[in-house]
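Data first, discussion second: the structure below is written as structure tokens.
Just so you know, all these numbers are worked out from the coordinates, no wet-lab data involved. A quick note: this is a predicted structure, and the numbers were derived from the prediction, not measured. Glycine gets a Cβ as well: all are built from the backbone with ideal geometry, and neighbour counts include every protein chain shown.
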Amino acid sequence: SVTISSEYDFIFKIVIIGDSSVGKSNLLLRFTRNEFRLDTQSTIGVEFAYKQLLIDGKRIKTQVWDTAGQERFKTVIPQFYRGSEGALVVFDLTKPDTFQHVSTWIEEVYRHTPADLPIVLVGNKSDLVEQRAVSREEATALAKHLNLSYMETSALNASNVEQAFVLLVSSVYEKNK
Ligand code: GDP
Ligand code: MG
């Protein structure tokens, strides 16, 4: 949906999804408040947060939704996806099982949203260099196969976090402008 007001030119809802503990809540915190927490585990209580971006000279208000821990049950309520215009699908670069579940999360996203919804695949925790267990090559190959963009982020040291969201919101903007 596109809303015009004096504060912003566009407002887009985007969702962050993926397995438990991959860093979704911290990506949201880093992007919207430039904060990081070691102990966000399901108690964070934030349903969504806003961040204003300037893309192509347009003020874009981004409403970012977090699962608030529902993903532990391998699914989230349909309201979570309702009206969303983009998704970040996140896995943990140190946990291969979270990478293996990416396709399932993408199927779940497409079950609730239009098939051409922009999605950015995100490998998070790039700061844990020694513990890396998913290579950039295999993640890039999966992204290519699924026709998605891929970025590696660290919510801890802020590497690529804003870039991943800007990449997603730019695709959403291009589709909706
Ligand atoms: P969620 O369950 O996907 O929302 O994951 P959280 O944001 O709650 O993060 C789970 C755990 O991973 C917490 O202990 C975080 O501090 C930690 N974490 C999140 N992002 C990063 C990151 O980029 N690097 C490192 N080293 N730890 C992270
Ligand atoms: Mg969380």
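Around the amide H of residue 8, modelled in the peptide plane, lies no amide H under 5 Å away from a residue 5 or more places distant or on another chain. Sequence-ordered 3J(HN,Hα) estimates for region 67-72 from the Karplus curve with 6.51, -1.76 and 1.60 and θ = phi - 60° stand at 6, 6, x, 4, 5, 4 Hz, glycine and proline given as x.
Scanning residues 5 or more positions from residue 152 or on other chains, those with amide H under 5 Å from its amide H are 123, with H placed 1.01 Å from N in the peptide plane. Electrostatic bookkeeping for residue 31 treats Lys and Arg as +1 and Asp and Glu as -1; over the other residues with beta carbon under 14 Å from its beta carbon, the sum is +3.
Seen from every direction in turn and averaged, the convex hull around the alpha carbons of the chain projects onto 9.5 nm². For residue 18, the amide hydrogen comes within under 5 Å of the amide hydrogens of 90, counting only partners 5 or more places away or on other chains and with H modelled in the peptide plane. The ellipsoid that matches the Cα gyration tensor of region 74-177 has semi-axes, each √(5λ) in whole angstrom, of 23, 16, 13, with the longest given first.
Backbone phi angles across region 79-86, fed through the Karplus curve with coefficients 6.51, -1.76 and 1.60 (θ = phi - 60°), yield HN-Hα couplings of 4, 4, 8, 4, x, 6, 10, x Hz in residue order; Gly and Pro are listed as x.
Given their separation in residues at 0.36 nm each and the Cα-Cα distance between them, residue 38 and residue 21 gain 5.0 nm when the chain is fully extended. For residue 100, neighbours were defined as the other residues whose beta-carbon sits under 12 Å from its Cβ, and their charges (Lys and Arg +1, Asp and Glu -1) total -3. FRET efficiency for the pair residue 162 and residue 75, taken as 1/(1 + (r/R0)^6) with r the Cβ-Cβ distance and R0 = 45 Å, rounds to 0.95.
Each Lys or Arg adds one and each Asp or Glu subtracts one; over the other residues with Cβ under 11 Å from the Cβ of residue 170, this totals +1.
List the pairs from 13/175; 58/144; 24/58; 13/177 whose alpha-carbon separation is above 25 Å, in the order I gave them. Flagged as over cut-off: 58/144; 24/58.
For the chain, the antiparallel share of DSSP beta bridges with both residues in that region comes to about 25%. Once both labels are positioned 7 Å from their Cα atoms along Cα-to-Cβ, the gap between residue 174 and residue 104 label points is 3.1 nm. Peptide packing for 93-101, 80-88 was compared via the average number of neighbouring C-beta atoms within 10 Å per residue; ordered from the highest value, the list is 80-88, 93-101.
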